[in-house]
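What follows is one structure encoded as structure tokens, with my remarks underneath.
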Amino acid sequence: MNTLDRETVKNAFNAYTENYNASDPKIKLKIAHTYRVANLCERIADTVPSADKDLAWLSGMLHDVGRFEQVKRYNTFSDADSVDHAAFGADLLFKEHLIDSFGTFDKDCVDILETAIRNHNRFRIEEGLSDEYMTYCRILRDADKIDIFRVNTETPLEEIYNVTSEELKQAAVSDAVKNGFKEKRALIRNERKTPADILVGHICLVHELEYPISVKIAWEQGYLDQLLQFRSDNEETNEWFAYMRSALSQQGK
Ligand SMILES: [Fe+2]
């Protein structure tokens, strides 16, 4: 890509998000998340010879544009309880032409961006994509996962999961969730039954990081380690967390 002006992109992003209440912690969180994901995309793309760093960065800047309207209308990040924020954002950008305020991009770039954004929150990337399209989908998904570790560390778990401290501290980890971790995969939403399951679910994202640099950054940042240090009042849950710590260190993950 040859027409990216980062200042134009940042200005367009700021202009768009000014329509939303920045004192709302959910809006604030998504603005910070956007910049972090964009920088992570660039850092990952730097290790992928076939990837264009500017295009990867731009995918990060645009990927969660649907979040702002989702929060305004529904006051939740739960797609299941509101809208698919990725599809919503992609429609806004590419059907309602919001993308035009971010610059002029050739059709190939626009198609890649749309594909990466629509796929960023799916359990699995759609099948049949070319290697080039897959690369940008993978970079964006890795960057997003890495920043989820931070968000889950910096925001009180009770707030994210809508549970009381008591519920979180007492929670057990379900067998199906333990199996998912052992199978080294991400969890499907309805596999998670307890607040501790949700926490394990976030840790499981490490299994699906595609690029070695992503695994490296995830550990380097220290947030993943903090999630793994969770202390429960439930002894079985503590034992399970100890198991996960040792399993991940043995895997070099
Ligand atoms: Fe997202």
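Laboratory data are not the source of any read-out in this text; all were calculated from the coordinates shown. As the structure is a computational prediction, the values presented were derived from the model and not from experiment. All Cβ positions, glycine included, derive from the backbone under ideal geometry; neighbour counts span all protein chains shown.
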Per-region count, segment 42-52, residues under 15 Å from Met134 (Cα atoms) and outside any loop (DSSP other than H, G, I, E, B): 2
What's the number of the condition Arg150 fails, among (1) surrounded by fewer than 17 Cβ atoms within 10 Å (Cβ to Cβ); (2) within 21 Å of Arg43 (Cβ to Cβ)? (1)
The lone condition Glu159 fails out of (1) outside any loop (DSSP other than H, G, I, E, B); (2) surrounded by 14 or more Cβ atoms within 10 Å (Cβ to Cβ) is (2)
Pairs under 6 Å by beta carbon, first residue in a loop (DSSP other than H, G, I, E, B) in segment 183-211, partner surrounded by fewer than 21 Cβ atoms within 10 Å (Cβ to Cβ) and among the charged types (D, E, K, R), six or more apart or different chains? Ala186/Glu208
Evaluation of Ala80 against (1) farther than 22 Å from Glu18 by Cα; (2) surrounded by 21 or more Cβ atoms within 10 Å (Cβ to Cβ); (3) small (Gly, Ala, Ser); (4) within 16 Å of the ligand (Cβ to nearest atom) (one fails), failing number: (2)
For segment 216-241, the count of residues that are in contact (Cβ under 8 Å) with a residue 60 or more places away in the chain and assigned to a helix (DSSP H, G or I) equals 10
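Quick grid of which residues meet (1) touching a Pro at 6+ places or on another chain (Cβ under 7 Å); (2) closer than 30 Å to Asp54 by Cβ; (3) surrounded by 15 or more Cβ atoms within 10 Å (Cβ to Cβ); (4) not basic (Lys, Arg):
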| site | (1), (2), (3), (4) |
| --- | --- |
| Val163 | yes, no, yes, yes |
| Phe181 | no, no, yes, yes |
| Arg192 | no, no, yes, no |
| Asp197 | no, no, yes, yes |
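In segment 149-175, which residues are among the hydrophobic types (A, V, I, L, M, F, W, C) and under 23 Å from the mean Cα position of the chain (by Cα)?
Hits for segment 149-175 are Phe149, Val151, Leu157, Ile160, Val163, Leu168, Val173.
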Among the numbered criteria (1) without any contact (Cβ under 8 Å) to a residue 24 or more places away in the chain; (2) in a helix (DSSP H, G or I), which one does Arg138 miss? (1)
Which of the numbered conditions does Lys72 fail, given that it passes all the others? Conditions: (1) buried (at least 16 other Cβ atoms within 10 Å of the Cβ); (2) away from the ligand (no atom under 14 Å from the Cβ). (1)
Test of understanding: among Phe123, Phe88, which residue is within 16 Å of the ligand (Cβ to nearest atom), of a type outside the set (Lys, Arg) and exposed (fewer than 12 other Cβ atoms within 10 Å of the Cβ)? Phe123
Which residues, taken from segment 49-68, are touching a helix residue (DSSP H, G or I) at 6+ places or on another chain (Cβ under 8 Å), more than 12 Å from the ligand (Cβ to nearest atom) and either free of Cβ contacts under 8 Å to residues at least 40 places away in the same chain or of a type in the set (Phe, Trp, Tyr) (or both)? Lys53, Trp57
Of all residues making up segment 106-120, the number that are outside any helix (DSSP H, G or I) and surrounded by fewer than 20 Cβ atoms within 10 Å (Cβ to Cβ): 1
